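Have a look at the structure below, then the notes.
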Amino acid sequence: MRKVKTFFHVLKNSLIPQPVYYRKLLKIPFSFTFKYFFVLVFFTNLVLVLSVAIRAYQSNVASDFNALLQSLKSYPKDLKIALGGGRLLSNYQRPYFFRVKQDEKNVLVAVVDEGAAAEKINEYQSYILFTNKHIVLNKKLQIEERIFPYPQDGKFVLEKKNVDRFVSVIEAVAIWFVLALLVVSVFAVPVFITLGYLVYLLVVSAVCYLVFRLFTKKHSFAKTYQLSFHAVSLPFVFSHLLNYPGFNMVIAPPLFFILVVVFVVSGLYEAYLDKPKK
């Protein structure tokens, strides 16, 4: 509990550079600063992961995914679709409609119609149309390129046993994939973000060190680098908040760089030039 209080005390005093606290930072070891910044990254990333997970749960992603698997299980036993030499052939003498149940409605996802022209997708109103020579995507998917030819090389036959095997594999690995994704998101991502900022702030510190030499030569590069991890707190938290669901905004890299430089120079000013009020 004491460590939690210490973290929030450091965060509170790091957000807006002020002379009393930033002068104290000149006397503390870099290891303390590094631990503080890593916890800041870990905490903000954890909140982001949790918010995305909650948003995904509320959007019924899991139930929609399960509905897709259940629809695949209903693949006809007598249907065979062969792909080879740039052409698709079906043993059905009629179009095949693949639907997925979503919110009590059967959504038409794909249609296999060998004799259809690409424009037929507008009549079917499916997301995908498989013709004899092309895969056609509906314009509502908002993809610029909408018609794709089949590959000329290789042969493939889609039938009931292949689909059932695919569904079994997906069901077996899905939970492990989600768990692995959560572990990577919660534990690995903060490490990579921290490593990235170690390099990023090295560049920022070099710029700020040179700029601040116009005012004084009291500061060292090592302390400039250390103070940058505290001064970047507010820009980092702000930019991270913009990535949360509901915002989905990104600060332009040049603007973020300028913002960080301003905060680091402000931190240097508070630590070396500004006199604390008595």
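Derivation of every value follows stated rules applied to the coordinates shown; laboratory data play no part. No experiment lies behind these values; they were computed from the predicted model shown. Reconstructed Cβ throughout: ideal geometry from the backbone, glycine too, with neighbour counts over all protein chains shown.
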Full-extension gain between H240 and L89, please, as 0.36 nm times their residue separation minus the C-alpha to C-alpha distance.
49.4 nm
Taking K and R as +1 and D and E as -1, what net charge do the other residues with C-beta under 12 Å from the C-beta of V111 add up to?
0
Inter-site label distance for K101 and N122 at 7 Å from Cα along Cβ, in nm:
3.4 nm
Restricting to Cα pairs below 8 Å that are 6+ residues apart, what does the relative contact order work out to for the range 80-158? Please round to a whole percent.
33 percent
Using +1 at the Cβ of each Lys and Arg and -1 at the Cβ of each Asp and Glu in the chain, identify which of V199, Y57, V4 lies farthest towards the dipole's positive end.
V4
Given the rule -39500 (n - 2.57) for each run of at least 4 DSSP H residues, summed and divided by the residues of the chain, what is its mean residue ellipticity at 222 nm, to the nearest 500 deg cm²/dmol?
-18500 deg cm²/dmol
Compute the relative contact order of the chain as a whole-number percentage, counting only Cα pairs closer than 8 Å that sit 6 or more residues apart in sequence.
26 percent
What FRET efficiency comes out for Y269 versus L195 if R0 is 30 angstrom and r is the Cβ-Cβ distance? Round to the nearest 0.05.
0.60
Based only on other Cβ atoms within 10 Å, what is the fewest-to-most ordering of F263, F38, F177?
F177, F38, F263
Long-range amide H partners of V107 with built H, under 5 Å
V100, K101, Q102
Residues of the range 1-36 with amide N under 14 Å of a point placed 7 Å along Cα→Cβ from L46:
1-8, 36
Honestly the chain on the Cα gyration tensor test (a ≥ b ≥ c root eigenvalues; a/c under 1.5 rounded, otherwise a/b vs b/c for prolate or oblate) is just prolate
Shape category assigned to the range 63-139 from the gyration tensor of Cα positions, a/c cut at 1.5
oblate
Counting as exposed only GluC sites (Glu not before Pro) in DSSP loop states with no more than 12 other Cβ atoms inside 10 Å, the longest exposed-site-free span of the chain is 146-278
Cα centroids of the range 22-42 and the range 64-87: how far apart, whole angstrom?
56 Å
Counting Lys and Arg as +1 and Asp and Glu as -1, what is the net charge of the other residues whose Cβ lies under 13 Å from the Cβ of L11?
+4
Within the range 80-158: Cβ-based charge dipole about Cα centre, in debye rounded to nearest 20 (Lys, Arg +1; Asp, Glu -1):
200 debye
Assigned charges on the beta-carbon of Lys, Arg, Asp, Glu; the chain dipole about Cα centre (debye):
1540 debye
Charge context of D164, other residues only, Cβ under 13 angstrom, K/R +1, D/E -1:
+3
Counting Lys and Arg as +1 and Asp and Glu as -1, each charge on the Cβ, what is the dipole of the range 1-138 about the Cα centre in debye, to the nearest 20?
1240 debye
